[in-house]
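The next block holds one structure in the form of structure tokens; read it before the comments.
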Amino acid sequence: MISVRTATVDDSERIADIHVKTWQAAYAGILPQDFLDHLEVDARTATWRRAIDGRRPPGAIFLAEVDAEVVGFIAVGGYRRPEGGLDRTIGEVFAIYVAAEHWSTRAGHALMRAAVDHLADHGLAEIRLWVFADNPRARRFYERFGYVADGEMRIEDVAADYPGARPVEELRYALHVR
């Protein structure tokens, strides 16, 4: 059975481990392999420790657990405006990752449900997220949940310093919850 709980600083290393391994599994062929091979759990652990410590409403990080093992996470908060700053009237899913061995087990759905409910409880009627255009698995997941591509796109240079890197197109999806 999948349970969802709020992350604590003590969860930082497990979150980082899932983050790195899921990037390596999900983004192979999208991002340069050398970039993916050099992702470091230690660096991500420090980032997640700061993120958990620095949360401010409506920000939250939730974990999915199966038999007391953390198998995925989702991080949400106010929408990051392209021109900078946060719009706290719109929610954003910053990250959602589930360990590859738990894909298609409903762990992602449980995480998304917790995040949407949390943001709606904070009065946010719209939630946005960005997804690589070349990631059909993630796009199908969001669409099944009810997110719709809203026509906005951006180009990200995620791995600019790596040979063979190319800018990656991201699409914005939105979900109206009220």
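The set of residues from segment 64-82 being farther than 12 Å from His19 by Cα and under 14 Å from the mean Cα position of the chain (by Cα) comprises Ala64, Val76, Gly77, Gly78, Tyr79, Arg80. Counting only strands (runs of 3 or more DSSP E) that fall entirely inside segment 44-101 and contain at least 3 residues that are open to solvent by 10 Å² or more (accessible area, probe 1.4 Å) and in contact (Cβ under 8 Å) with a residue 24 or more places away in the chain, the qualifying elements are 60-66, 86-98.
Entry remark, segment 119-164: residues being in contact with a helix residue (DSSP H, G or I) (Cβ under 7 Å, 6 or more places away or on another chain), over 24 Å from Ile61 (Cβ atoms) and not hydroxyl-bearing (Ser, Thr, Tyr) number 2 in total. Answer yes or no: is there a residue in segment 155-166 that is hydrophobic (A, V, I, L, M, F, W, C), assigned to a helix (DSSP H, G or I) and either out of contact with any Pro (no Cβ under 6 Å at 6 or more places or on another chain) or farther than 24 Å from Arg44 by Cβ (or both). Looking for residues that are hydrophobic (A, V, I, L, M, F, W, C), assigned to a helix (DSSP H, G or I) and either out of contact with any Pro (no Cβ under 6 Å at 6 or more places or on another chain) or farther than 24 Å from Arg44 by Cβ (or both), one finds none in segment 155-166, hence no. A search for C-beta distances below 9 Å between a residue of segment 129-155 that is within 14 Å of Gly108 (Cα to Cα) and without any contact (Cβ under 8 Å) to a residue 40 or more places away in the chain and any residue that is part of a strand (DSSP E or B) and open to solvent by 80 Å² or more (accessible area, probe 1.4 Å), counting only pairs 6+ apart in sequence or on different chains, returns Tyr142/Val148; Gly146/His176.
The selection criterion, being more than 30 Å from Gly29 (Cα to Cα), crowded, with 18+ Cβ neighbours inside 10 Å and of a type in the set (A, V, I, L, M), does not hold for Leu129.
Out of curiosity, is Asp34 without any contact (Cβ under 8 Å) to a residue 60 or more places away in the chain and not hydroxyl-bearing (Ser, Thr, Tyr)? Against the criterion (without any contact (Cβ under 8 Å) to a residue 60 or more places away in the chain and not hydroxyl-bearing (Ser, Thr, Tyr)), Asp34 does not qualify.
The values are calculated or read from the model by the stated rules, or taken from the named source; none is laboratory data. What you see is a predicted model; the values in this text were computed from it and never measured. All Cβ positions, even for glycine, are placed from backbone atoms using ideal geometry, and neighbour counts span all protein chains on display. Each accessible area value is taken on the protein alone, full model and side chains, heavy atoms only, with ligands, DNA and RNA left out. Shrake-Rupley method; radii C 1.70, N 1.55, O 1.52, S 1.80 Å.
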